[in-house]
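Right, one structure below, let's go through it.
The values are calculated or read from the model by the stated rules, or taken from the named source; none is laboratory data. Bear in mind that the values here come from a model prediction, so they are computed numbers and not experimental data. Using ideal geometry, Cβ is built from the backbone for each residue, glycine included, and neighbour counts are taken over all protein chains shown.
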Amino acid sequence: MGMMFYMIGRYQESRTAFEGAVTKLKASGDRKSPFFGVVLNQMGLACVQLFKIDEAAELFEEARSILEQEYGPCHQDTIGVYSNLAATYDAMGRVEDAIEILEYILKLREEKLGIANPDFEDEKSRLAELLKEAGRARHRKAKSLENLIDPNSKQSKKRWPGLGFRM
């Protein structure tokens with residue numbers, strides 16, 4: 001249900017549905033399964049849409065930990081969480097952390113997965129933009145979360161091509 005609510009833009013209901021799923025998975029002792037990691041990622045996406053960026057970061061961090069352990073760093077779900085976490089860190093003003101994650105993603109793709117993946121160029125562009133900004137970090141203005149969330153905004157299209165966040 002959480003995904004269905006998310007897809008139709010009912011983000012609070014989506015978050016609530018995912019929260020219920022997380023509670024049930026924890027109660028069943030299923031805290032370290034890849035499915036649990038994916039549910040945390042989805043709940044994080046709903047939190048981003050609700051401007052609960054700190055909560056989203058915590059969820060993405062927990063999802064990353066689980067998926068790294070269960071799938072390894074090269075799995076598409078794990079890379080998707082890395083990407084979501086980088087975007088969230090950027091929204092929080094943690095540009096250096098976002099840069100570190102994007103550099104790691106690109107290194108993984110170059111060394112182990114190949115650069116033919118269409119996400120490679122998007123991630124490379126995102127990293128270039130962040131590195132450019134890091135050179136002007138003292139004068140950097142906080143980014144509007146509207147630009148991060150609204151895929152139709154000019155800044156969002158320039159900065160985070162495609163959806164920005166990965167489901």
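Listed by position, the helices (runs of 4 or more DSSP H) contained in segment 68-161 that have at least 3 residues being modelled with pLDDT of 70 or more, of a type in the set (S, T, N, Q) and within 25 Å of LYS52 (Cα to Cα) are 76-92. Whether any residue in segment 54-73 is within 27 Å of GLY135 (Cα to Cα) and in contact (Cβ under 8 Å) with a residue 40 or more places away in the chain is what I want to check. No. Within segment 55-66, identify whether any single residue is surrounded by 13 or more Cβ atoms within 10 Å (Cβ to Cβ), over 24 Å from MET7 (Cα atoms) and either modelled with pLDDT of 85 or more or more than 16 Å from the chain's Cα centre (by Cα) (or both), and answer yes or no. So far as segment 55-66 goes, yes, one or more of its residues are surrounded by 13 or more Cβ atoms within 10 Å (Cβ to Cβ), over 24 Å from MET7 (Cα atoms) and either modelled with pLDDT of 85 or more or more than 16 Å from the chain's Cα centre (by Cα) (or both).
Taking (1) aromatic (Phe, Trp, Tyr); (2) surrounded by 23 or more Cβ atoms within 10 Å (Cβ to Cβ); (3) closer than 28 Å to GLU129 by Cβ in turn, PHE18 satisfies each apart from (3).
Looking across segment 32-45, the residues that are surrounded by 14 or more Cβ atoms within 10 Å (Cβ to Cβ) and either β-branched (Val, Ile, Thr) or not in a helix (DSSP H, G or I) (or both) come down to SER33, VAL38, VAL39.
Condition test on VAL48, is it of a type in the set (A, V, I, L, M, F, W, C), within 25 Å of TYR104 (Cα to Cα), surrounded by 16 or more Cβ atoms within 10 Å (Cβ to Cβ) and in contact (Cβ under 8 Å) with a residue 60 or more places away in the chain? So VAL48 fits the description; yes.
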